[in-house]
Ligand SMILES: [Zn+2]
């Protein structure tokens, strides 16, 4: 038996959605949680390493179900292809480290670096979250994972997260290549994403038959499919084709929401980035096309009114999915260090769920248990329970009282797989108590 670490006196939010428990203790041995209970019920070993969490709140590490550790610096599709690949692979190490230092202990990554980062992190060579790698995602020619201003050959060798394929046959072999590269999930851009005028968000990019081919091939390898869908028809066809999760999904009709709920298809909304995207639009002086707000044909002139419409649409769409029983996760969509800072963006996305109308507890469950279910790692992590991996945070103030407390500066302890990433809790001695020894 190795040395145990016990965090005592905490308010426990276990990630399941159950009410918090006061004066709880969590005991960790090596990489695993070995006991969870009330302070009055758990007697600690004499040599246990005891951290005093009195007044603090303990919760599972955050799970980000959608990010791109491609090492890109800038929010420009040509520049992220032109940047040197080796520089980007080094930059991706810093991006991974930033995530875990903000309490993000697991991610699903869509980038060429993911499988290698996963190995390097698992071997302890570098610091970062556990990674569910997707490697590159499938984009049609001229789609969101292509780049319009650089030669096609360069896109093929150097796009940090896009793999161009058209038609069912190319998609089938694309899925096989992606699996060969170490992917645990297949990402597909079923609609455009607004990088330029020829790939706007309201256009479906893969047909139902193409999406079916992707799902069929992924299913042969027992892998789920995550589909980027920004327009209603793409989401509807993706769900009908059998995908596992809808990414962004800001334009879901009633039929699609009902189908998602009945088939257990999850949704990773993207509130913060879509707001940043709006601000990057030509209307606001940015490089991208006019703002896209599903269902709004003619935009008002007043920028404040555009922002209000956008926020109310995103919120309504998300809450309709939640109300129907669709599992909601957290996806930062961090894709470049400049616009979407890693870790910060993830925490802001959790806060934005509350801003959209979810409760604090719902947002925390989305960021923990639901995230683990979407990543298919819920047997390992996502909740604070005996036998689970020790991925946990201790916060100086309770995020259920104010979600803005879910900030890195408020984290007194970050533990990932039993490893202390940050440790600012005071030491205490084991308290001899009469109850059973764990
Ligand atoms: Zn993305």
Residue 69, sole failed condition from (1) under 21 Å from residue 347 (Cβ atoms); (2) away from the ligand (no atom under 16 Å from the Cβ); (3) in contact with a strand residue (DSSP E or B) (Cβ under 8 Å, 6 or more places away or on another chain): (2)
Selected residue [surrounded by fewer than 21 Cβ atoms within 10 Å (Cβ to Cβ), under 23 Å from the mean Cα position of the chain (by Cα) and either under 30 Å from residue 73 (Cα atoms) or at pLDDT 95 or above (or both)] from 249, 182: 182
Boolean, residue 79 is away from the ligand (no atom under 16 Å from the Cβ) and in contact with a strand residue (DSSP E or B) (Cβ under 9 Å, 6 or more places away or on another chain): no
Yes/no for residue 386 being in a loop (DSSP other than H, G, I, E, B) and farther than 30 Å from residue 280 by Cα: yes
Test result for residue 243, within 16 Å of the ligand (Cβ to nearest atom) and assigned to a helix (DSSP H, G or I): no
Residue match in region 290-305 (condition: surrounded by 19 or more Cβ atoms within 10 Å (Cβ to Cβ) and over 19 Å from residue 321 (Cα atoms)): yes
Test: residue in region 148-155 that is free of Cβ contacts under 8 Å to residues at least 12 places away in the same chain and farther than 19 Å from residue 226 by Cβ: yes
Pick from region 101-122, criterion within 16 Å of the ligand (Cβ to nearest atom) and under 15 Å from the mean Cα position of the chain (by Cα), ranking: nearest to residue 344 (Cα to Cα): 104
Selection count, region 146-155, where residues are closer than 20 Å to residue 204 by Cβ and either modelled with pLDDT under 95 or out of contact with any strand residue (DSSP E or B) (no Cβ under 8 Å at 6 or more places or on another chain) (or both): 1
Test set (1) away from the ligand (no atom under 16 Å from the Cβ); (2) more than 18 Å from residue 428 (Cα to Cα); (3) part of a loop (DSSP other than H, G, I, E, B) - residue 47 fails condition number: (2)
Lone qualifier among 74, 66 - being outside the structural domain of residue 390 (by TED's automatic domain parsing), assigned to a loop (DSSP other than H, G, I, E, B) and either on the phi > 0 side of the Ramachandran plot or under 25 Å from the mean Cα position of the chain (by Cα) (or both): 74
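The values are calculated or read from the model by the stated rules, or taken from the named source; none is laboratory data. Note that the structure is a prediction, hence the values are computed from the model and not measured. Heads up, the Cβs are rebuilt from the backbone with ideal geometry, glycines too, and the neighbour counts pull from every protein chain shown.
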